[in-house]
Amino acid sequence: MALMIVEACTACDACEPVCPNEAISVGDPMYIIDPFKCTECVGADDEPQCMLVCPAECIIPNPDFVESEEELQAKYDAMN
Ligand code: SF4
Ligand code: SF4
């Protein structure tokens with residue numbers, strides 16, 4: 001499933017540059033993940049890169065975008 005950013009986000013900008021899908025953008029006040037671009041890093045990396053770098057631990061699964069590994073790979077392939 002896609003990931004999402006919740007209220008604890010401090011807008012530190014650590015996550016935006018590491019996303020391989022350019023799915024993260026600057027929001028007000030929180031950063032935003034585009035669920036149609038986020039693949040949980042499937043296709044590009046072994047684990048979600050944004051979660052690795054986020055100091056606020058405010059990136060969680062988006063319950064409105066439940067997707068299998070195969071669906072995430074297909075989403076990645078369609079973008080590349
Ligand atoms: S999990 Fe990966 S693809 Fe999704 S927003 Fe984070 S860095 Fe980008
Ligand atoms: S790394 Fe975490 S705290 Fe920093 S902007 Fe991204 S979601 Fe917000």
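Below are the figures for this structure:
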| read-out | value |
| --- | --- |
| Every pair of residues 6+ apart whose Cβ atoms lie under 7 Å, when the first sits in the range 47-61 and is more than 8 Å from ligand 2 (Cβ to nearest atom) while the second is at pLDDT below 95 and of a type outside the set (Lys, Arg) | Pro61/Met1 |
| The range 20-45 residues that are closer than 18 Å to Val6 by Cβ, paired with ones that are surrounded by 16 or more Cβ atoms within 10 Å (Cβ to Cβ) and of a type in the set (Asp, Glu) (beta carbon under 9 Å, 6 or more apart) | Ile24/Glu16; Ser25/Glu16; Val26/Glu16; Tyr31/Glu16; Glu40/Glu67 |
| Scope the range 10-43; condition in contact with a helix residue (DSSP H, G or I) (Cβ under 8 Å, 6 or more places away or on another chain), among the aliphatic types (A, V, I, L, M) and either away from ligand 1 (no atom under 11 Å from the Cβ) or part of a loop (DSSP other than H, G, I, E, B) (or both); matching residues | Ala14, Val26, Val42 |
| Exclusive hit being surrounded by 13 or more Cβ atoms within 10 Å (Cβ to Cβ) and in a loop (DSSP other than H, G, I, E, B), set Glu67, Glu71 | Glu67 |
| Selection within the range 19-46 - of a type in the set (A, V, I, L, M) and either farther than 10 Å from Tyr76 by Cβ or within 10 Å of ligand 2 (Cβ to nearest atom) (or both) | Ala23, Ile24, Val26, Met30, Ile32, Ile33 |
| Output for the range 19-52, where each listed residue is among the β-branched types (Val, Ile, Thr) and surrounded by fewer than 16 Cβ atoms within 10 Å (Cβ to Cβ) | Val26, Ile32 |
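The values are calculated or read from the model by the stated rules, or taken from the named source; none is laboratory data. Worth saying up front: this structure is predicted, and the values here are computed from it rather than measured. In this analysis, Cβ positions are derived from the backbone assuming ideal geometry, glycine residues included, and neighbour counts consider all displayed protein chains.
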